[in-house]
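Before I ask anything, here is the structure I am working with.
The values are calculated or read from the model by the stated rules, or taken from the named source; none is laboratory data. Note that the structure is predicted; figures quoted are calculated from it, not measured. Backbone-built Cβ (ideal geometry, glycine too); neighbour counts: all protein chains shown.
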Amino acid sequence: MKENTLDVLLYLFQNFMDGELEIDPDRDFLEDQLVEAGFQPYEIDKAFLWLDDLSKQQENQRDTKHNASFRVYADEELSSLDLECRDFLLYLENMGVLTPDNRELVIERVMALDSYDFDIERLKWVVLMVLFNQAEENSNYEWIENMVFDSSLESLH
């Protein structure tokens, strides 16, 4: 099975992070479940590192307001985020779903995935995971959650 870090994250999110579990799973329990589901330990470790980094960065994130910022993408970002993905991020920012700081966090988390087959559907999931971890963004999380679950997920499996 060719799985990558994002696949592990999506499995975690869909099965354990949406609040449907009656228990509060610990890391060992989650690792056991992921191995049982067929994920490789290396990818599981990378997924937990990704989540840990997300948590750390959100703690350090400052709440700044940028009225007229302009984002210039680095070459590596351009190779990972195609025009459709970049347009989607701009759309979310213009709609007020993402702040400039959240946009940067999303871009950083995309780059941390080291994925060459990144598309807009996967980007929506990253946005969803970033907003999920920010309690103050509850309405924005619900907005993007509806967008993610209303779109076809066949390309992710």
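Kindly list the number of the only condition in (1) at pLDDT 90 or above; (2) of a type in the set (A, V, I, L, M); (3) surrounded by 13 or more Cβ atoms within 10 Å (Cβ to Cβ) that fails for V35.
(3)
So that you can scan it fast, the table gives a plain yes or no per residue for (1) of a type in the set (K, R); (2) in a loop (DSSP other than H, G, I, E, B); (3) farther than 23 Å from L49 by Cα; (4) at pLDDT below 90:
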position: L90; (1), (2), (3), (4): no, no, yes, no
position: L105; (1), (2), (3), (4): no, no, no, no
position: R109; (1), (2), (3), (4): yes, no, no, no
position: D117; (1), (2), (3), (4): no, yes, no, yes
position: R122; (1), (2), (3), (4): yes, no, no, no
position: L128; (1), (2), (3), (4): no, no, no, yes
position: E142; (1), (2), (3), (4): no, no, yes, yes
position: F149; (1), (2), (3), (4): no, no, yes, yes
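Here is a further query. For residues in segment 60-82 being more than 18 Å from D114 (Cα to Cα) and at pLDDT 70 or above, which is surrounded by the most Cβ atoms within 10 Å (Cβ to Cβ)?
Applying the filter and picking the extreme gives R71.
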